[in-house]
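J.: Let me begin by handing over the structure; questions about it come next.
The values are calculated or read from the model by the stated rules, or taken from the named source; none is laboratory data. Everything numeric here is computed off the predicted structure, so don't read it as measured data. No Cβ is skipped: glycine too gets one built from the backbone with ideal geometry, and neighbour counts run over all protein chains shown.
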Amino acid sequence: MLKRLSYLFTGESLSLILFVSISYLVNYTYPDLHLYSLFSFWSSFLLLEFILLQGSIYWFVKWKRLKREKTSVAPFTLVQRLRLSKKWNLGLITVIPGAFVADCMIWHPAFPLGLVIAGFIYVFAILEYINYFHIQLSYDNRSDINSLKQTKRFKQACLSKDFKRLEHLKADGRKLG
């Protein structure tokens, strides 16, 4: 379990860094894409980075807790903060299409290919949001794949399970620490 959690938080953290580097290299190499001039690129990119940061923190805290306390249960304060960030994520997902509309109006009739790239980043950010906060979309080990084949259903996301655990404890009137 330690190895799996380490893999998850290092993968998300590395993605955070790599995506920044890749965006810089793409913008530098292909200036005609106008990536850094597009509101849609920046809003989609920052949303993706924000969601990846949340995932990195979540998996790191679970890893650290398992290593120190022999339990991977996420602390309630972290779950509460991530529940708040879930609302922020959803709000951002809702308003970002406005950035695409603004870019289309600004750049009309010459739509840069960067808009398509921004669209892919936006869709990827939404998929990451779903993967963390609702249902697990990433199946990268044999156990997960076998489970998917057997049940023919997606698993509930770990963070979604933590939200339910928090709600059950609140409903029971237990003290949250």
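J.: Can you spot a residue in the range 73-95 that is modelled with pLDDT of 95 or more, closer than 20 Å to Ser15 by Cβ, β-branched (Val, Ile, Thr) and surrounded by 19 or more Cβ atoms within 10 Å (Cβ to Cβ)?
T.: no
J.: For Phe19, only one of the following conditions fails: (1) at pLDDT 95 or above; (2) crowded, with 17+ Cβ neighbours inside 10 Å. What is its number?
T.: Unmet condition: (2).
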